[in-house]
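Undergrad: Before I ask anything, here is the structure I am working with.
The values are calculated or read from the model by the stated rules, or taken from the named source; none is laboratory data. Computed from a prediction, not measured in an experiment: that's the story for all the values here. Side chains are part of the model used for accessible areas, which takes the heavy atoms of the whole protein and leaves out ligands, DNA and RNA. Shrake-Rupley method; radii C 1.70, N 1.55, O 1.52, S 1.80 Å.
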Amino acid sequence: MKLAVISCIHGNFEALNAVLSDIDQHKADQIYCLGDLVGYGPYPNAVVEMIRSFDIPTCQGCWDEDIVEGLNACECSYPSVLAENRGRAAHEWTNNVIHPEVREYLAILPLTMRHENLCFVHGSPNSQHEYLLPSMDGFAALERVLATEADVLFCGHTHVPYVRDLKGGTISVRVAQSAEDKADQQFTTPLKRIINAGSVGEPRHGRPNATYVLYDTDTTQVTLREVPYDYQRTCAAIIDQGLPPIFAWRLARGLEFAERADDPSHVCQR
């Protein structure tokens, strides 16, 4: 099978429409979505309606959770007062315009999905809010994949696409049950892989183009797709709808604009 994996659409209907057209041209057999259908962008209802009309299996993202459970459901902190104000404004705007049936749909989305030896999550198997960055410690990254009992873990949330191979090997664990009684426990792990689909609607890889992933289950070939679209229409709609103009600025550049925190692992970057 040829699978298409999309993530982080963030109310950007123009980008979603372009990506779905590209997927159709590449004749994917199945589409999976890793969540964050809403937030940042000006068309949250239209995005959800499109996803539902194609019956695309979808995980619940952190923005989806916040719209259901309330702002900052994960109790993370913002890196600055300015960033917090932007996030709060975007949440309140989205919360006010979202249709009741859309909110109900977001509430029932699963946290994980499976297809044979593949697992699909938004952030990580631990939380929608955890970032699986490409620089993450190798042992910790491997643990995230092993926790799913899958060979390939698809994620989003970072808005930057990447493929990371975690080479198999033997891990030795020394268990001390008493001062005199020690034993080595060993297990062998085959090759595991993390594939980040990037972002359809709010890319942060340095260009405004939407990104997604094609995956061939027979050959295990991964293709990181980059799709140009009329992002300026979305930028104009962001401003027209009264969302923070900085969202249009970073969408046009494919860059994140956020103040750095001393402890970025404890930050929800809205």
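Undergrad: Per residue, how much accessible area does the stretch 1-153 show when a 1.4 Å probe rolls over the protein heavy atoms, in square angstrom?
TA: 41 Å²
Undergrad: Given contacts defined as C-alpha pairs under 8 Å and at least six residues apart, what's the relative contact order of the stretch 20-123, whole-number percent? Provide the component values of the computation, followed by the final result.
TA: Working: 105 pairs, mean separation 35.7, N = 104.
Computed value for the stretch 20-123: 34 percent relative contact order.
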